[in-house]
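Comments concern the structure below.
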Amino acid sequence: MMGHQKLVSDIAARIRQQKRISKEEALELHRRADINLLGALAHEIRLKKHPDRFVTYVIDRNINYTNVCISGCKFCAFFKAPGHSQGYVLSKEELAKKILETKKLGGTQILLQGGLHPDLSLEFYEDMLSFIKKEFGIHCHAFSPPEIVHFAKISSNSIKEVLQRLKLAGLDSIPGGGAEILVDRVRRQTSPNKATSDEWLDVMSTAHGLGIKTTATMMFGHIETDEERIEHLDKLRSLQDATNGFTAFIPWPFQPGNTEIKCKPATSHEYLKVLAISRIYLDNFPNIQASWVTQGPKIAQISLFYGANDFGSTMIEENVVAAAGVSHRLSENKIRQLITQAGFVPKQRLMDYTLADERDQSV
């Protein structure tokens, strides 16, 4: 026991000297370190990176343009198989209504994601982006890597060609969804029809090479091992070393309700531990986002002392997590209030983490 305590203490000392830790050291922290120590280390790193004590958030809407999907992921309660009576594809009129509502609430971007629809062409997605840009001029944070891989397959284009075409049509940045755990053992069991780990990473690497910024995520707390969580973080850190194209990392715990994976939801303790280790290990990621959508507002507040410096989105609309039976809603005022009550300064941001216009936004 003393040996483990000394090893954890030695690793903590290296972290405080701003030295990069190895996968083995991260695994030791995951398994042995006290959560209060992890929180303290993560918070110190967060304050070094962001000494101004700002906590940012973005006003946007998650628009799921279709729920029809051929992937059949076992962790998803949202999708409908092709031909299902409840399947849908949003019309331009419906898109316009949602975007107008978003803009009226001060929204600066839309997060556009959907299922892997077998019958929609690449031209459909180009047309959707062009319509949004022409009519509303809003930032399009759209299409996670599995969607991009799907577009490439249905159009017989390369990943690079697809991204170039989408960028020309109006794609501004790419969300980090569909990463789940970037280890193919896990992916074969939970989402065998979805992009592989290498394909996910290739989309992001290619996007970064084209000047398209992206985020990264991790959905944990299902069938993955501790080692596979660290492997996921290591793959992200290595790609960020090469491209510096990720703006933020968002870890969130799997919600098992209404899905085919039967397990207990990850506890708040587990969430805070993974959040802190993410901040420690991903030393080249500028921003770490709290997950109030899955954890609720109080744990999200505590997250601000476990490495998170961003409160994420107001989530004017959220369907995927809600389909699993978990639903939290926060207004912009409530987010600003929660940040202020935790002792930080709320700041509205854009996707690239530049701050929105400094206007009077009293809590």
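Values quoted throughout were computed directly from the atomic coordinates according to the rules given, and no laboratory measurement underlies them. These figures come from a predicted structure and were not determined experimentally. Note: ideal-geometry Cβ built from the backbone for every residue, glycine included; neighbour counts use all protein chains shown.
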What pairs in 49/167; 167/213; 23/298; 103/160 have C-alpha atoms more than 23 Å from each other? 49/167; 23/298; 103/160
Taking neighbour counts of Cβ atoms within 10 Å as a proxy for exposure, in what order, fewest first, do 131, 151 appear? 131, 151
Calculate how steeply helix 122-136 sits against the longest principal axis of the alpha-carbon atoms of the chain, using the helix alpha-carbon long axis, and give the answer as 0 to 90 degrees to the nearest 10. 80
Under 17 Å Cα to Cα from residue 80, which lysines show up? Leave out anything in the same chain fewer than 8 places away. 194
Give the cross-link partners of residue 98 among the aspartates and glutamates, using a straight C-alpha distance below 20 Å as the criterion and excluding same-chain residues fewer than 8 apart. 60, 126, 127, 135, 172, 317, 318, 332
When DSSP assigns beta bridges and you keep just the ones with both residues in the chain, what percent turn out antiparallel, to the nearest 5? 5
Centre separation in Å (Cα based) which lies between the range 187-246 and the range 1-69: 18
Once the Cα atoms of helix 159-169 and of the chain are each reduced to a long axis, what angle between those two axes, in degrees from 0 to 90 to the nearest 10, is obtained? 70
Debye, to nearest 20: dipole size of the range 34-348, +1 on Lys, Arg Cβ, -1 on Asp, Glu Cβ: 720
Dimensionless Rg ratio for the chain, taking C-alpha atoms and the 2.2 N^0.38 Å reference: 0.96
Cut-off is 10 Å between beta-carbons; in what order do 183, 293, 55, 149 appear when sorted fewest neighbours first? 183, 149, 293, 55
Rounded to the nearest 10 degrees, what's the angle between the helix 2-16 long axis and the longest principal axis of the chain, both from Cα atoms, 0 to 90? 60
Per-residue Cβ neighbour rank within 10 angstrom, fewest leading, 283, 119: 119, 283
Within the set 92/334; 264/334; 97/133, which residue pairs have Cα atoms separated by over 21 Å? 92/334; 264/334
